[in-house]
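A.B. asks: Mind looking over this structure? Questions follow.
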Amino acid sequence: MITLGLTTWNEHPALIHNEDRPVTLSEYSAYFPTVELDTFFYGIPRISTVENWQAQVPESFQFVVKANKVLTLHEQNDIQHINLTFHNFLESLQPLIDKNQLKTVLFQFPPYFTLNKKSTNYLRYLRQKLPNISISLEFRHKSWYNDTKKLVNFCRELGFTLVIADEPSRLDSSVPFLPVITNPNLTFFRLHGRNIEGWENPGKNWRAKRTLYRYSDDELLELKQVIQKLQSNTKEICVIFNNNSGKDAAPNALKLQEFLNITFDNLGPKPPEQLNFF
């Protein structure tokens, strides 16, 4: 199975032909069966908020949840606070778990989370804290890829999905594109775009510029080939487009869907106007 989705649901005006208002979750779910949700990263939402999201989507819709910044060590805290955050985080996830609407929890670690014994011990601790939950790891420091065989074996040992990140490759500030399966239940692509200049020049608007990229048809066809090579060895391949600074994620995802010749069942109701991108 191949599923496609975008980061957040409200920043994709192409889905509703309207630049003047945010896209609703209900409208988004008419086109994609999953979404990546960063709300949890900034603050753990109330259970009622999570249940409100669930009420807007079909029962088969699933969420990719970004782990809270305390848990990804973007903030320095003592172990008591980390343990408390794990408790509150898991409590907030429970409505999604109960209805099988949690696809995976994405731990996107900061660039200063480097490969060392302390870091690998933390990942083992992470698995202990969330023993029955799908966990996807995205590293942002090249040290993790010094020995890819060890990295893959480590992820397989602990049942982690190693995120296949597509970003400007061969840069000191990026990680390599490594299309491997570490968890037979879920293979996870995150497509950030290939904007080398935006990636390499941190500044005031760096977070926006780094994902300012539109994949060409040729690049999407190359990604299609990679996806199809992996398809027979994994239960699900999920592809999330994060290249949305120029509102390109939705058109790119729909074009890749066309190239893959796949359809999604049990989506939400279509808005009155149908898409016409191409």
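A.B. asks: Please compute the per residue accessible area over region 28-75 with all protein chains in place, 1.4 Å probe, rounded to a whole number of Å².
C.D. replies: 37 Å²
A.B. asks: Okay, moving on. Output the pairs from LYS117/LYS150; LYS235/LYS270; LYS103/LYS209; LYS103/LYS224 with a Cα-Cα distance over 19 Å in this structure; if there are none, say none.
C.D. replies: LYS235/LYS270; LYS103/LYS209; LYS103/LYS224
A.B. asks: Another question, if that's okay. Output the peptides 56-67, 225-236 sorted from most to least packed, where packing is the average of other Cβ atoms within 10 Å over each peptide's residues.
C.D. replies: Going by the mean number of other Cβ atoms within 10 Å, highest first, we get 56-67, 225-236.
A.B. asks: Continuing with the same structure: Over all Cα pairs of the chain, how is the pair count split among 10 Å bins, expressed in % and running from 0 up to the last occupied bin?
C.D. replies: Distribution as computed: 6, 29, 37, 23, 4, 0 percent.
A.B. asks: Okay, moving on. Per-residue ellipticity at 222 nm for the chain, helices alone: DSSP H runs ≥ 4 residues times -39500 (n - 2.57), over residue total, nearest 500 deg cm²/dmol?
C.D. replies: Dividing the helical sum by the residues of the chain leaves -10000 deg cm²/dmol.
A.B. asks: Now for a separate question. Skipping prolines and chain starts, which residues have an amide H placed within reach, meaning under 5 Å, of the one on GLN108, given they are 5 or more residues away or on another chain?
C.D. replies: ALA67, GLU138
A.B. asks: With N residues in region 222-275, what two-decimal value do you get for its Cα radius of gyration over 2.2 N^0.38 Å?
C.D. replies: Relative to the 2.2 N^0.38 Å estimate, region 222-275 comes out at 1.31.
A.B. asks: Which ³J(HN,Hα) values in Hz, rounded to whole numbers, follow from the phi angles of region 60-70 under the Karplus curve 6.51 cos²θ - 1.76 cosθ + 1.60, where θ = phi - 60° and Gly and Pro get x?
C.D. replies: Computed from phi, the couplings for region 60-70 are 7, 5, 10, 10, 9, 9, 6, 4, 4, 5, 5 Hz.
A.B. asks: Just report the Cα centroid separation between region 45-106 and region 225-265, whole Å.
C.D. replies: For region 45-106 versus region 225-265, the Cα centre distance is 24 Å.
A.B. asks: Now a separate question. Considering amide H positions built from the backbone, and no H for Pro or chain starts, which residues 5 or more places from LEU186, or on another chain, come under 5 Å of its amide H?
C.D. replies: LYS235, GLU236
A.B. asks: Take the solvent-accessible surface of the protein heavy atoms, probe 1.4 Å, and return the percent of it on the chain that carbon and sulfur atoms account for.
C.D. replies: Carbon plus sulfur share of accessible area: 48 percent.
The values are calculated or read from the model by the stated rules, or taken from the named source; none is laboratory data. The shown structure was predicted, so the numbers you read here are calculated from the model rather than taken from an experiment. For neighbour counting, all protein chains shown are included, and Cβ atoms are generated from backbone atoms with ideal geometry for every residue, glycine included. With ligands, DNA and RNA removed, areas are computed over all heavy atoms of the protein, side chains included. Shrake-Rupley method; radii C 1.70, N 1.55, O 1.52, S 1.80 Å.
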